[in-house]
Structures are given as structure tokens and as C-alpha cells.
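A quick write-up on the structure given underneath.
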Amino acid sequence: MASQFSYYRPRGIPGNYVIEIEFDLTQTQRVEVSVARHRDHHCGRCGVQRPVSVRVVPHKKRRNQQNFWMKVGCVIFDVPIIRCARIESYLIDDIMVEDSIRIVVFDDAVGSLTQMTTHLATREGFEHKIIPFENNGTVWKIVPLNPILLADLDISSDPFAVMCAPPKPDKRTTVREVEQEVQKVRLISSHNEGGK
């Protein structure tokens, strides 16, 4: 199971949400979930949240990392299934328009790089954004530590998107392929010059 950010509208009221987040974390990962509510009074429930449950998956029952295919609209994503040391679940209620949730995933295996996303409540749903990681002028647009599936449970229990999925590897061009392309260009150029 991949991590998932799901939400629904209690009694179908637009702009009012309950959020369920389940993280599938490796032994080296930890997560910080923060809530910012915009109210005219202090609600006492903002800031860093605590999980409502933590389940430990025994080491002998864990599977090796696998991938599954998920189709979102016209795009197919290859999302890793981590099968981890623990599953942390969060339940956040009383989220209204303009309230936000920030998720930061840390992984001791990659040092200080973090995966950060923000989720801003709107009347129609949420605006989900990936926050780039910056260090000494170098910017990582996506740090794919733990993909997060997004689901609007009022519409479907199936995720409609995935955040922070690892990018597909670029096709690397070999020197031989470059030389072949240069030869093709030379042949075309010499043929065009000869025809003048």
C-alpha cells in the first residue's frame, strides 16, 4: 500500500472536510503533519499533529519493494509500494476553506533532503502543491521519498492523482547514437547541396 491522503465532506457540506492520511513508512522514514486553521479564535488543535494509530508490520511479512500501475485520467503512473516497518494514520477534522495541511517526509537514508507538500482547503476540494527543496542554490523540484495518493471519497474511493512519484528515468543517448545522428544530418546536408 502506498501512502494516501483522503478527504470527505461531512453531511455533504461544501468547504468543510475530514481528512484521513495513512503513511506507509520505511524504517528510516518519519513524517510531520502540521495543520493551520484560520479562525477568529484559538482552536487549540493547530500545529504538529499526532497519529491516531501506528501499526508495525513485522519484518518477516514485509515484501520487497514492488510497483503498481495507477491510471489517473489519461496518465499512467508507476507507483512504488513500500511495505514498511510501520503505518501511521492521521485523522484531522474541522478543516474549512483556507485551512491548510503541510506534510514533510524525512528519510535518514538520504540525509537532509525532505519531501514537502501542502494541501489548501477550497470550497470545491483541495489545492495540492509540491514544495521544492532548496539547498545552497540547488533546487530539487520533486523529492520522491514517499508517493502520496490523493482521493476525494465523496466522488470515489479510487485515487485521482499521485504526488511525489519518482520520475521516469531519462533515455540516455550513447555516443554511438549521437554519431549516427550526426552522420544522418551530414548525408541529408550533402544530398541537399548536391541537388542545387
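Here are some notes:
- The set of residues in segment 1-25 being under 13 Å from residue 91 (Cα atoms) and among the β-branched types (Val, Ile, Thr) consists of 18, 19, 21.
- Residue within segment 117-139 that is surrounded by 10 or more Cβ atoms within 10 Å (Cβ to Cβ), in contact (Cβ under 8 Å) with a residue 40 or more places away in the chain, touching a Ser or Thr at 6+ places or on another chain (Cβ under 9 Å) and of a type in the set (Gly, Ala, Ser) present: yes
- Residue pairs meeting the criteria (Cβ under 6 Å; at least 6 apart or on separate chains; first within 19 Å of residue 24 (Cα to Cα), in segment 159-170; second of a type in the set (S, T, N, Q) and at pLDDT 65 or above): 163/117; 164/115
- Number of residues in segment 19-56 that are surrounded by 13 or more Cβ atoms within 10 Å (Cβ to Cβ), among the β-branched types (Val, Ile, Thr) and over 15 Å from residue 146 (Cβ atoms): the value is 2.
- Candidates 16, 64: the one that is farther than 16 Å from residue 3 by Cβ and at pLDDT 80 or above is 16.
The values are calculated or read from the model by the stated rules, or taken from the named source; none is laboratory data. Note that the structure is a prediction, hence the values are computed from the model and not measured. All Cβ positions, even for glycine, are placed from backbone atoms using ideal geometry, and neighbour counts span all protein chains on display.
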